[in-house]
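See below for the structure under consideration.
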Amino acid sequence: MRIAIASDAAPTTELEAALADLGVICDAAESIAELPSIVALSGPYDLVLLRVGQPLRKVIPALRDMRRRGMTLPVIVACTGTAAAEEEESVLHAGADDVLFHPFRLSVLHARMQALSRRARGFACAELVCGNVTLDQEQHAVMVDGRRVNLTAREFDFLETLMLHKGVLLTKERFMTRLYADSEAPDSKIVDVFVCKLRRKLAAAGAAEIIRTVWGRGYVVFEPTQAAIETARLARQDNAEPAPRGWVRRAPRFLAGAA
């Protein structure tokens, strides 16, 4: 996930580092007022996170500016103080999708971010499905007909990006920005390598082809036919791991209002 973040209450360095541990790439703006321009010029982003002090309503001009520009991406407002119900309502009516108050659990913030990002693209839950491939964002696992496919962290992120944008052509530049925005990027040919490895691993697990190449432009995930799924199942190699029964959750982490 790549987000734009801004604050008028406290530096966001600690929050950015905590989110980076969860795989979230943060582009910080110097102020909330300039955030709409940052989003317009430096996107695309999955979500906007605004950290604001009191009064909560001072975030309203930036929210209205984004919505006037036609920006439909989800916006979460995290308030470091308290606010009256009327103020919270005004912020939501101005364009915010959610309002949180400090202190809050980092895991809850991350879950809300994922939920809003998914729903903005038409997904109702943490399981992204295409053909007989299921990507579970909560378990961080990919399954084909209930059998787990071993993917590296980068391969998982790559497939997640494709499945979150099912039916949308994604360029190599888009992948490089999403996967390597926080580190030194290799040659863009690495995108072709990811696609090759994903296709091989998914096919071995019995998945129908879901990644289509648009020569000279990029890649797109598409919904395969039922006939293609049945054919792929017959060619499955019985060496994939079974789906996990459970997973280990990270310890709860809290962020204080004056961090």
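The values are calculated or read from the model by the stated rules, or taken from the named source; none is laboratory data. This is a predicted model, so every value here is computed, not measured. When we count neighbours, we look across all protein chains shown, and the Cβ atoms used for this are built from the backbone with ideal geometry, even at glycine. Calculation scope for accessible area: heavy atoms of the full protein, side chains included, ligands and nucleic acids excluded. Shrake-Rupley method; radii C 1.70, N 1.55, O 1.52, S 1.80 Å.
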Can you give the net charge of the other residues whose Cβ lies under 15 Å from the Cβ of V193, counting K and R as +1 and D and E as -1? +3
Leaving ligands, DNA and RNA out of it, work out the accessible area of E86 with a 1.4 Å probe and give it in Å² to the nearest 10. 120 Å²
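Please arrange V48, V193 by accessible surface area, largest first, computed with a 1.4 Å probe and ligands excluded.
V193, V48
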How much accessible area per residue does segment 127-235 have, counting only protein heavy atoms and a probe of 1.4 Å, in square angstrom? 48 Å²
With +1 on each Lys and Arg Cβ and -1 on each Asp and Glu Cβ, how big is the dipole of segment 2-121 about its Cα centre, in debye rounded to the nearest 20? 420 debye
Hey, with R₀ at 22 Å, roughly what FRET efficiency would C196 and S42 work out to, going by the Cβ-Cβ distance, to 0.05? 0.15
D157, D46, reordered so the largest accessible area comes first (probe 1.4 Å): D157, D46
Over segment 2-121, what relative contact order in percent results from Cα pairs under 8 Å that are six or more residues apart? 25 percent
Give the ranking of D187, D136 by solvent-accessible surface, highest area first, calculated with a 1.4 Å probe. D187, D136
Percent antiparallel among DSSP beta bridges with both residues in the chain, to the nearest 5? 55 percent
Which whole-number value in Å² is the accessible area per residue of segment 2-121, probe 1.4 Å? 44 Å²
Please list, ordered by chain and number, the residues whose modelled amide H lies under 5 Å from the amide H of G53; skip anything fewer than 5 residues away on the same chain. D8, A9, T80
Relative contact order of the chain, pairs being alpha-carbon contacts under 8 Å that are 6 or more residues apart, as %: 17 percent
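Give me the net charge for the shell around R121: Cβ to Cβ below 11 angstrom, other residues only, Lys and Arg +1, Asp and Glu -1.
Result for the neighbourhood of R121: +2.
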Accessible area of T231 in the full protein assembly, 1.4 Å probe (Å², nearest 10): 90 Å²
Can you tally the lysine pairs in the chain where the Cα-Cα distance is under 29 Å and the two residues are eight or more apart, or on different chains? 8
Rounded to whole Hz, the Karplus (6.51, -1.76, 1.60) HN-Hα couplings of segment 222-230, x for glycine and proline: 10, 7, x, 6, 5, 4, 5, 5, 5
How big is the shadow of the Cα convex hull of the chain, averaged over all directions, in nm²? 14.8 nm²
